[in-house]
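Working notes for the structure below.
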Amino acid sequence: QVQLVESGGGLVQAGGSLRLSCAASGSIFSLLTMRWYCQAPGKQRELVAGITSGGSTNYADSVKGRFTISRDNAKKTVYLQMNSLKPEDTAVYYCAGEYAMTWYWGRGTQVTVSS
């Protein structure tokens, strides 16, 4: 069983930075493909960034060049470094892990970017 707990959200001014963390429990973290999703009020949850067990990454077009996803398997943690934040980045950010068609989700952390 895998449990995911996000942290690092908060209120930041436009142009600022935040680093989100997602700490995992369990023994299979290194096998998981990890992803960050966001969900703004009234909108569907959408993929922000992903990183495979081998370290390959992908990003939504809206965050390319501003956000960086990384992982530390020894710490069982995945990170999302968010720079040059915009008000439209305001959302709840969720961490998700996937392995063998099984998904695990965190409860989310709120990110609010003021203009």
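Relative contact order, whole percent, for region 1-51 stands at 30, derived from Cα pairs under 8 Å and 6 or more residues apart. When you restrict to C-alpha pairs under 8 Å that are six or more residues apart and normalise by the size of the chain, the relative contact order lands at 36 percent.
For the chain, the Cα gyration tensor yields ellipsoid semi-axes of 23, 14, 13 Å (square root of five times each eigenvalue, largest first, whole Å).
What you get for region 1-71, charging only the Cβ of Lys and Arg (+1) and of Asp and Glu (-1), is a dipole of about 80 debye around the Cα centre. Loop-located trypsin sites (Lys or Arg not before Pro) in region 1-92 (DSSP state other than H, G, I, E, B) with a sparse environment of at most 16 neighbouring Cβ atoms within 10 Å: 43, 45, 64, 66, 75.
Pairs of Lys residues in the chain are counted when their Cα atoms are under 28 angstrom apart and they lie 8 or more places apart or on different chains; the count is 5.
Every read-out reported here was derived from the displayed coordinates using simple, explicitly stated rules and does not represent laboratory data. As the structure is a computational prediction, the values presented were derived from the model and not from experiment. FYI the Cβ positions are ideal-geometry reconstructions off the backbone, even for glycines, and counts take in every protein chain you see.
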